[in-house]
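Trainee: Quick one: the structure is below, questions incoming.
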Amino acid sequence: MAETVDTSGGTALLDGPGAGPMVRVEDLHRSYGTGAAAVHALRGVSFEVPRGELVALKGRSGSGKTTLLNLVGGLDAADRGRITVDGVELGSLAENGLLELRRDRIGFVFQSFGLIPVLSAAENVGVPLRLRRTPAREREERVRLLLSLVGLADQADQRPGELSGGQQQRVAIARALANRPALLIADEPTGQLDAETGLAVMELLRAVVRTESVTALVATHDPQLLGLADRVLELNDGDLVTH
Ligand code: ADP
Ligand code: MG
């Protein structure tokens, strides 16, 4: 039941948004470098992320977690294999289509927060809405809602440098949710936080997946956070470990 959609230059095969798993990855390969010096970061990885779930991706440093998240998020291209996000096959999209997918359907959260230092918390959360030219009043309303969702209603006017690490990551989560993404991708979101703050941030992600009809794929090697996931995938040297 494939159908064609206009994706600004490319065509995409759709399961249809709302149908099938949120993410489907099939036989994914990605190497860096060539010949004897090649690093095989992913060696034929396949899995699915069901809609509405929080899926954790574990594995020691260097096992391929970031490589995999970047591919699923359309930030990098695979050597081989297929990725479908919300029914859209990434390989079928032209650069514009990928850009729109990242902007409209995926929210990213990084270990280092990635906030703009000269903007207030509210302005940071509003950036994705500005990029989509959301009218000012609607934008301000949504920013207020998002900041209270992450427990920072009172910090709206503070800049990142005036916030704790945990608060900065909450702002980053609010920003990632601004455009109502279907999929949240978080790469070691608690990696720079102490254990207690990290747990609180993971609990926030857990809550958001329950209440905001979003699906999340979260890389972490913190064992105490894995218990909050609906399922855990483990990478070992570029291969998915089956449990
Ligand atoms: P993780 O996020 O689990 O720590 P990565 O995906 O960052 O793992 O890395 C997987 C492997 O690929 C590692 O051996 C790493 O050194 C290598 N790698 C990652 N990015 C690059 C790159 N841009 N160039 C060369 N090697 C890379
Ligand atoms: Mg990494």
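Trainee: Tell me which residues come under 5 Å, amide H to amide H, from Val23 once H is placed; ignore anything under 5 positions away on its chain.
Mentor: Under 5 Å from the amide H of Val23 lie the amide H atoms of Val49, Asp86, each far enough along the sequence or on another chain.
Trainee: Something else: If the viscosity is 0.890 mPa s and the temperature 25 °C, what translational diffusion coefficient in µm²/s does Stokes-Einstein give for region 61-104 when Rh comes from Kirkwood over Cα pairs?
Mentor: Working: Rh = 10.9 Å.
Value of D from the Cα-based Kirkwood radius: 224 µm²/s.
Trainee: Of the DSSP beta bridges with both residues in the chain, give the percent that are antiparallel, rounding to the nearest 5.
Mentor: Values: 22 of 40 bridges.
DSSP beta bridges in the chain are roughly 55 percent antiparallel.
Trainee: Over the chain, with a Gaussian network built from C-alpha contacts below 10 Å, which listed residue (Arg137, Arg80, Arg159) shows the highest mean-square fluctuation?
Mentor: Arg137
Trainee: Hey, another quick one. Figure the gain on full extension for Ser46 and Ser31 (residue separation times 0.36 nm, minus the Cα-Cα span) and round it to one decimal in nm. Please list the in-between numbers first.
Mentor: Values: separation 15, 0.36 × 15 = 5.40 nm, distance 1.60 nm.
Between Ser46 and Ser31, full extension yields 3.8 nm more.
Trainee: Between beta-carbons, use under 11 Å as the cut-off and find the net charge around Leu205, counting Lys and Arg +1, Asp and Glu -1. Please list the in-between numbers first.
Mentor: On the way: positive: Arg170, Arg206, Arg210; negative: Glu203, Glu212.
Spelling it out: positives minus negatives among the neighbours equals +1.
Trainee: Rounded to two decimals, what is the ratio between the C-alpha radius of gyration of region 62-214 and 2.2 N^0.38 Å? Don't skip to the answer; put the middle values down first.
Mentor: Working: Rg = 15.6 Å, N = 153, 2.2 N^0.38 = 14.9 Å.
In units of the 2.2 N^0.38 Å rule of thumb, it is 1.05.
Trainee: So for region 28-100, Kirkwood radius off the Cα pairs, Stokes-Einstein at 37 °C and 0.692 mPa s: how many µm² s⁻¹?
Mentor: Values: Rh = 13.4 Å.
Taking Rh from Cα pairs, D becomes 244 µm²/s.
Trainee: Right, next: For region 135-243, with equal point scatterers placed on the C-alpha atoms only and solvent neglected, what are the log10 I(q)/I(0) values from the Debye formula at q = 0.11, 0.17 1/Å, to two decimals?
Mentor: For region 135-243 at q = 0.11, 0.17 Å⁻¹, log10 I(q)/I(0) is -0.38, -0.84.
Trainee: In terms of modelled amide H atoms, which long-range or inter-chain residues lie less than 5 Å from the amide H of Leu54?
Mentor: Close amide H contacts, sequence-distant or interchain: Ala216, Asp230, Arg231.
Trainee: Give me the three principal axis extents of region 112-182 from the C-alpha atoms, as integers in angstrom, largest value leading.
Mentor: Answer, in whole Å and largest first: 30, 23, 22 Å.
Trainee: Local charge sum around Asp27 (other residues, Cβ-Cβ under 9 Å, Lys/Arg +1, Asp/Glu -1)? Display every interim value, and only then the final one.
Mentor: Values: positive: Arg80, Arg82; negative: Glu26.
With Lys, Arg at +1 and Asp, Glu at -1, the neighbours total +1.
Trainee: For region 130-136, what does the Karplus curve 6.51 cos²θ - 1.76 cosθ + 1.60, with θ = phi - 60°, yield as ³J(HN,Hα) per residue in whole Hz, taken in order and with x for Gly and Pro?
Mentor: Here the 3J(HN,Hα) series is 4, 4, 9, 6, 5, x, 3 Hz.
Trainee: Over the chain, with a Gaussian network built from C-alpha contacts below 10 Å, which listed residue (Ala77, Ala216, Ala56) shows the highest mean-square fluctuation?
Mentor: Maximum among the listed residues: Ala77.
Trainee: Give the relative contact order (percent, whole number) for the chain; include only Cα pairs under 8 Å separated by 6+ residues.
Mentor: Numbers: 494 pairs, mean separation 66.7, N = 243.
Computed over the chain, the figure is 27 percent.
Trainee: With springs only between Cα atoms under 10 Å, which of Glu48, Glu138, Glu162 fluctuates most in a Gaussian network model of the chain?
Mentor: Glu138
The numbers here are math on the coordinates, done by the rules we state, and not lab data. The model shown is predicted, which means the values in this text are computed figures rather than measured ones. Counting neighbours? That spans all protein chains shown, and the Cβs are built from the backbone with ideal geometry, glycine included.
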